[in-house]
1. What are the pairs with Cβ atoms under 7 angstrom where one residue, in the stretch 42-70, is part of a helix (DSSP H, G or I) and the other, located anywhere, is open to solvent by 70 Å² or more (accessible area, probe 1.4 Å)? Sequence gap at least six, or different chains.
2. From the residues in the stretch 295-353 that are in a loop (DSSP other than H, G, I, E, B) and among the charged types (D, E, K, R), which one is modelled with the lowest pLDDT?
3. Output the number of residues of the stretch 11-60 satisfying the condition of being over 30 Å from K159 (Cβ atoms), modelled with pLDDT under 90 and open to solvent by less than 70 Å² (accessible area, probe 1.4 Å).
4. Take the residues in the stretch 80-111 that are among the β-branched types (V, I, T) and open to solvent by less than 40 Å² (accessible area, probe 1.4 Å), then tell me which one is nearest to G141 (Cα to Cα).
5. Look through the stretch 294-322, keep the residues that are among the small types (G, A, S) and over 28 Å from the mean Cα position of the chain (by Cα), and return whichever of them is least open to solvent (accessible area, probe 1.4 Å).
6. If you check every pair at least six apart or on different chains, which have Cβ atoms under 8 Å apart with a residue in the stretch 22-41 that is free of Cβ contacts under 8 Å to residues at least 24 places away in the same chain first and a residue that is small (G, A, S) and not in a loop (DSSP other than H, G, I, E, B) second?
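The values are calculated or read from the model by the stated rules, or taken from the named source; none is laboratory data. From a predicted model like this one, the values you see are computed outputs, not experimental measurements. Positions of Cβ are backbone-derived with ideal geometry, glycine not excepted, and every protein chain shown enters the neighbour counts. For the accessible areas, the whole protein counts, side chains as well, though only heavy atoms, and no ligand, DNA or RNA atoms are used. Shrake-Rupley method; radii C 1.70, N 1.55, O 1.52, S 1.80 Å.
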Amino acid sequence: MKKLLLLLLVSLPLFGEAKDKNDNSNPKYLAGAITMEEGKVTFTKTVPTSGLSREDVFNTMKNWAEGRFKSEGKLHSQVAFVDESKGDIAAVAEEYMVFSSSALSLDRTRIYYQFLIHVEEDCCELTMTRIRYWYEENRDGGEKYTAEEWINDDMALNKKQTKLAPICGKFRRETIDLKDALFESASAALGKNLLAGAAQPVVSPAVVPSQVPSPSKTVVSVTGDLKEVKVADLPVDLAGIAKNGRITLAVNGEETELKADSWGGFGKLFSKDVAYLLIDKSRIAASAIMAQSDAYQVMFYLEGSAEPSVVVSCKKTMAQKMSTDELKSLNQNIDASKEYTMYIGEVTNAQMR
């Protein structure tokens, strides 16, 4: 693949992927999930932005906010305040959160909130606060609640705090999911700029099966024990190993074969090493594994070897569907008639023989 300079980590759809609406015991929704500041339910995230100028971060966040917070029909959202000198951007939002939808019924609520962005020299602080709901608006005017009274632990959890409560719990779950999606989307917008300057090229010269030189002159072997190494010490030509040998995706000890062009290389995202995989959606097994797994390994086998010579362990960070133009920019030889998803994973461990 070519240099990954066109990884477009655009905003992920907030409610585009199916999820288990009965996931009432997931710890992410239970005790400790709701944080308060000055008596208000407030969620915050600080994103490190070293490597980008304060001006670039501010402009990126302003463009993102203007694209994300727009009025639609009777729902009014907008960027309400911008102060570049102080690094402040404030948006007010009104949108629908959908609990369930079918041909016969639609269960949803309006949610109102403020989304605040504050840009410093080396970080960007994201805040979601002043959250309110208007539920069943078409039934005698509906019911209106604040997050403070409606999704707190006493209202939204059972007495043992081991499960979400039937009514308030769904508000809490969807609010936390919305918060996560907003933070992920804003972070992805910044990640696009960081990756543009940090992605490394993937080269593909001929591979000698028994040994592949890395930048540090170390050698990959088919024998010996796997030893932990730094990402920078791994062979440059992992794509060549995958082509001449083979590459697999492993979760819980079970491996699935990948095509050589699935490997996208390494880069940096918020100062962390990340690895890219490009998965053809027609490869049902690999697609299912990546959709369902948070942690996985990419294994590289030299030609004729029964044991992997390089193992890259990753924690899934984000996924992005790729358009035909994006695919061609990454690899001119790829079959653009197929649908692909780019997965970005933080490298948690790297091993080599």
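1. Final answer for the pair search is R54/E121; F58/E84.
2. Step one: of the stretch 295-353, the residues in a loop (DSSP other than H, G, I, E, B) are 302-309, 323, 331-339, 353.
If we keep only those that are among the charged types (D, E, K, R) too, we end up with 303, 307, 335, 338-339, 353.
On the way: E303: 89, E307: 92, D335: 75, K338: 82, E339: 84, R353: 89.
Top of the filtered list is D335.
3. Total meeting the criteria: 10.
4. Filtering the stretch 80-111 for residues that are among the β-branched types (V, I, T) and open to solvent by less than 40 Å² (accessible area, probe 1.4 Å), the one nearest to G141 (Cα to Cα) comes out as T109.
5. Going through the stretch 294-322, the residues among the small types (G, A, S) turn out to be 295, 304-306, 309, 313, 319.
Add one more test, that the residue is over 28 Å from the mean Cα position of the chain (by Cα), and what stays is 304-306, 309.
Details: G304: 87, S305: 22, A306: 81, S309: 2 Å².
Checking each candidate, the answer is S309.
6. Pairs found: none.
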